[in-house]
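A short worksheet on the structure shown next.
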Amino acid sequence: MAQEGARPVILAVDDAEDLLALIGKVLGSEYEVKLATDGGDALTLAAQAPQPDLILLDIEMPGANGFEVCRLLKGDPATARIPVIFLTGRTEPSEQIEGLDVGAVDYLTKPINAKLLLARVRIHLALANRRSELERQVVERTAQLEDARSQLIRRLARAMEFHESAAAGNRVLRVAQYARLIAQASGMKPEVTELLQKAAPLYDIGKMGVPAEVLRKPGKLSAPDLERMQRHPQLGAEIIGEHQDPVLALARILALTHHERWDGTGYPKKLKGSEIPWPGRVMAIVDTFESMTTTQFYRQKAFSIDEAGNAVKEGFGTQFDPSLAEAFDKALPVMRKVRETYSDALGDMINLDFSPTRDLPPKPTLPKPVPAAAKGARPPNRR
């Protein structure tokens, strides 16, 4: 559509120069008019800026006729939106139907009546403008709904953090970034990595169904408490429910399968190897890494990044999908930066809108390397 304040552009295509002159005279006072005498010039002008807002197209022309030109216009994404009105001396219904089938919005029969031409152009430009405005509103509303969904997902995950630890840090942001980075390093397409990033914060939502005293209990859990803890993947799937929405559908898979193990000894369904959905295999790594590098009630000192990284690497082939080992290794340096940027030391300075407050300290520098974890060092299986 024409820029605000600019005159709409009309492209008139006809091999009769006298008719083009008439069209130019009738429309020239209100519109910028471009003229073409054949299909080739019409296609060229339709693609050039400023693109026409409406095309008047003769059917009977030498070379490519109007139907063929219209098909080409509608087949090109750059020109498909431009409304086409056919100009013809024929009045057969079959011809008019063919024109509508190839994408025209209207017909004008020759000889052209000046007042009717001007009225039809005004009507179809108004309709096109209205359609463009509706499309803009749909895009805007869709973006608003997408943002609202993302915020709701983060807030639900934040509520789970309060339930588990009585203090919210930046875990929501970390796990989303970890999942995206590992998926990206494994070669997944951007739309897949973005989807995983959006869904990841809900993966542990099932802990809302586990009593807080169990989640916050120091030391080893009793058999009944361990059974309660191990119900949280199924509870998470039930909380999220089954949806056609791709983000929520993926979140349900993550919630249900992030504790399955490659060797088949995980829970809740003891899935083995490729039986575990690929997103769940990624989230198993993310969950373990996040658990190791964060202070827990049952372990007061968190693992260093190097210690956690080495422990995860030892789990490939038993706990984790071995085909993701290379991806984890590639993603780990950036995961380190994510952990530093969104450390829980900054948790009380991040508000519920996930934006920094005014008094944020300078970004911390990278820590010096620390000795690797002793082989086999792992936290208790509490997550």
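The values are calculated or read from the model by the stated rules, or taken from the named source; none is laboratory data. What you see is a predicted model, and the numbers here were worked out from it, not measured in a lab. Please note: Cβ atoms are built from the backbone with ideal geometry, for glycine as well, and neighbour counts cover all protein chains shown. Please note that ligands, DNA and RNA were not included when accessible areas were found on the heavy atoms of the full protein model with its side chains. Shrake-Rupley method; radii C 1.70, N 1.55, O 1.52, S 1.80 Å.
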Study note, to complete from the structure: Rounded to the nearest 5, the percent of DSSP beta bridges in the chain running antiparallel is 10
**Study point:** Crossing angle, helix 114-165 versus the chain [Cα axis fit, 0-90 degrees, rounded to tens]
**Key:** 0
**Study point:** Solvent-accessible surface ranking, highest first, for Glu164, Glu242, Glu307 at 1.4 angstrom
**Key:** Glu242, Glu307, Glu164
**Study point:** Fully extended contour minus Cα-Cα distance, from Glu191 to Ala80, at 0.36 nm per residue
**Key:** 37.4 nm
Review point. What accessible area per residue comes out for the stretch 224-290, rounded to a whole number of Å², with a 1.4 Å probe?
Key: 44
Check your understanding: Would you list Ile123, Ile112 from the most to the least accessible area, probe 1.4 Å?
Key -> Ile123, Ile112
Practice item. Any chance you could look up the accessible area of Glu260 with a 1.4 Å probe, heavy atoms only, rounded to 10 Å²? Key: 10
Revision key, fill the gap. Cα-based Rg/(2.2 N^0.38 Å) for the stretch 25-95, rounded to two decimals, is 1.11
Review point. In the chain, what percent of the accessible surface is made up of carbon and sulfur (1.4 Å probe, ligands and nucleic acids excluded)?
Key: 56
Practice item. Averaging sequence separations of C-alpha pairs under 8 Å and six or more residues apart, then dividing by the length of the chain, give the relative contact order as a whole percent. Key: 11
Point to revise | Degrees, to the nearest 10: 278-292 long Cα axis against longest axis of the chain | key: 50
Review point. Hey, which of these cross-link pairs are over 23 Å Cα-Cα: Lys220/Lys337; Lys269/Lys301; Lys313/Lys337; Lys272/Lys313; Lys198/Lys301; Lys220/Lys330?
Key: Lys220/Lys337; Lys269/Lys301; Lys198/Lys301; Lys220/Lys330
Practice item. Based on the mean of other Cβ atoms within 10 Å per residue, sort peptides 82-95, 204-217 so the most packed one is first. Key: 204-217, 82-95
Check your understanding: Roughly how tilted is helix 246-257, in degrees to the nearest 10 and between 0 and 90, from the longest Cα axis of the chain?
Key -> 20
**Study point:** Leu226 paired with Lys313, simple spin-label distance in nm, labels 7 Å along Cα-to-beta-carbon
**Key:** 3.0
Check your understanding: With the calculation restricted to Cα positions, what are the radius of gyration and Dmax of the chain in angstrom?
Key -> 31.2, 94
**Study point:** Charge-dipole axis of the chain as Lys and Arg at +1 and Asp and Glu at -1 on Cβ define it, positive-most pick from Gly40, Thr109, Ile276
**Key:** Ile276
Revision key, fill the gap. Counting sequence-distant residues (5 or more places) and residues on other chains, those with an amide H built under 5 Å from that of Phe320 are Trp262
Practice item. In a Gaussian network model over the chain where Cα atoms closer than 10 Å are linked, find which of His243, His163, His259 has the largest mean-square fluctuation. Key: His243
Check your understanding: Counting Lys and Arg as +1 and Asp and Glu as -1, what is the net charge of the other residues whose Cβ lies under 15 Å from the Cβ of Gln48?
Key -> -3
Exercise for review: Calculate the dipole size of the chain relative to its Cα centre from +1 charges on Lys and Arg beta carbons and -1 charges on Asp and Glu beta carbons; express the result in debye to the nearest 20.
Suggested key: 2540
Revision key, fill the gap. Taking the alpha-carbon centre of each part, the distance from the stretch 326-344 to the stretch 143-163 in Å is 23
Practice item. Compute the separation of the alpha-carbon centres of the stretch 254-274 and the stretch 74-128 and state it in Å as a whole number. Key: 60
